[in-house]
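Structure first, then comments.
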Amino acid sequence: MRKMKRTLVVSDIHGELEMLDALLEKAAYDPAEDRLYLLGDYIDRGPDSKAVVDRVMELVRGGAVALQGNHEDMMIRSLIDGNEKTWRNWTGRNGGEATLKSYGFEPESFLFAEDEDFVKPYLHSDILTRHLDFIRSLPYYSEADGFLFVHAGVKPGIPPEETDPYDLVWIRDVFHTGYAGEETVVFGHTPTMGLHGDKDNHHIYFGANRIIGIDGGAVFGGQLNCLVLPEKEELSVTAASKKCPGA
């Protein structure tokens with residue numbers, strides 16, 4: 001008897017290539033038999049952002065669907081738009097420095113002291129250019145079989161196609177508490193320990209209002225989760241060390 005086609009969903013990898021590969025191996029991911037959705041935040045904070053983007057591109061060539069997350073949004077706004085506030089926020093608070101280091105750039109070429117005048121750095125490599133083109137091409141959401149896949153969530157009462165993309169990659173509480181749509185929304189962005197109200201609980205969060213949060217805070221010492229559909233089962237790999245969570 002032919003087995004039912006599985007859907008695997010992963011989010012918030014944040015440069016943790018070893019965890020991603022271990023999770024896909026644990027899931028026995030088969031691109032010929034399984035559908036894979038990646039919900040964004042491939043970069044920042046972790047050690048191997050460049051390698052993770054390479055892996056995501058490879059997975060997309062094999063049939064996976066990859067979405068854009070808020071950290072990709074910050075990367076694009078910093079490297080393409082380059083305004084001072086966004087640049088300092090990305091590299092100073094949200095892990096952008098780890099991403100740029102993974103592309104071979106030295107900190108003195110892109111970090112600025114608080115009292116230092118800002119001039120947009122010129123950072124160029126062929127690989128970075130290809131990766132930025134890929135990231136900018138990524139959609140913000142995808143729908144299939146009664147599920148809506150998105151990085152952060154949707155604005156309650158507004159269809160995703162009419163929603164500001166900024167909300168799709170940044171929204172939090174108003175979605176968590178106010179969503180009442182028919183589709184089940186699978187999302188990352190907000191570590192599940194916050195959704196559970198338990199700092200030690202990194203497992204997938206199944207909300208009563210048809211929301212499923214899967215960000216296990218892998219880069220903060222939690223776990224990288226994989227939601228398996230239609231069974232709504234969890235597979236995960238655990239991080240080796242603890243770190244303090246941020247935005």
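The values are calculated or read from the model by the stated rules, or taken from the named source; none is laboratory data. From a predicted model like this one, the values you see are computed outputs, not experimental measurements. Methodologically, a virtual Cβ is constructed for each residue, glycine included, from the backbone with ideal geometry; neighbour enumeration extends over all protein chains shown.
Structure data summary
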{"item": "Subset of the stretch 74-102 [within 19 Å of Gly46 (Cβ to Cβ) and at pLDDT below 90]", "result": "Gly92"}
{"item": "Any hit, the stretch 96-108, residues being under 22 Å from Pro230 (Cα atoms), of a type in the set (Ser, Thr, Tyr) and under 17 Å from the mean Cα position of the chain (by Cα)", "result": "no"}
{"item": "Selection from the stretch 54-77 of residues that are buried (at least 24 other Cβ atoms within 10 Å of the Cβ), in contact with a Lys or Arg (Cβ under 9 Å, 6 or more places away or on another chain) and closer than 21 Å to Gly104 by Cβ", "result": "His71, Glu72"}
{"item": "Where a residue in the stretch 41-60 is more than 11 Å from Leu20 (Cβ to Cβ) and of a type in the set (Gly, Ala, Ser) and its partner, wherever it lies, is modelled with pLDDT of 95 or more and assigned to a helix (DSSP H, G or I), with Cβ under 7 Å and at least six apart", "result": "Ser49/Ala98; Ser49/Thr99; Ser49/Ser102"}
{"item": "Members of the stretch 1-39 found to be small (Gly, Ala, Ser), buried (at least 20 other Cβ atoms within 10 Å of the Cβ) and touching a strand residue (DSSP E or B) at 6+ places or on another chain (Cβ under 8 Å), listed by number", "result": "Ser11"}
{"item": "Counted residues, the stretch 123-148 - those being surrounded by 14 or more Cβ atoms within 10 Å (Cβ to Cβ) and either over 22 Å from Asp54 (Cβ atoms) or hydroxyl-bearing (Ser, Thr, Tyr) (or both)", "result": "5"}
{"item": "Selection count where residues are at negative phi and either in a loop (DSSP other than H, G, I, E, B) or out of contact with any helix residue (DSSP H, G or I) (no Cβ under 6 Å at 6 or more places or on another chain) (or both), scope the stretch 56-75", "result": "13"}
{"item": "Verdict on Thr91 being part of a helix (DSSP H, G or I) and touching a Leu at 6+ places or on another chain (Cβ under 7 Å)", "result": "yes"}
{"item": "Contacts under 6 angstrom Cβ, first residue in the stretch 85-109 being under 11 Å from Pro121 (Cβ atoms), partner part of a helix (DSSP H, G or I), 6 or more apart", "result": "Trp87/Ser78; Thr91/Glu97"}
{"item": "Residues being surrounded by 15 or more Cβ atoms within 10 Å (Cβ to Cβ) and part of a loop (DSSP other than H, G, I, E, B) - total across the stretch 173-200", "result": "7"}
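Residue by residue, here is whether (1) at pLDDT 95 or above; (2) over 23 Å from Ala144 (Cβ atoms); (3) surrounded by 15 or more Cβ atoms within 10 Å (Cβ to Cβ) holds:
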{"residue": "Asn209", "(1), (2), (3)": "yes, no, no"}
{"residue": "Ile212", "(1), (2), (3)": "yes, no, yes"}
{"residue": "Val219", "(1), (2), (3)": "yes, yes, yes"}
{"residue": "Gly222", "(1), (2), (3)": "yes, yes, yes"}
{"residue": "Cys226", "(1), (2), (3)": "yes, no, yes"}
{"residue": "Leu229", "(1), (2), (3)": "yes, no, yes"}
{"residue": "Ser236", "(1), (2), (3)": "yes, no, yes"}
{"residue": "Ala239", "(1), (2), (3)": "no, yes, yes"}
{"residue": "Lys243", "(1), (2), (3)": "no, yes, no"}
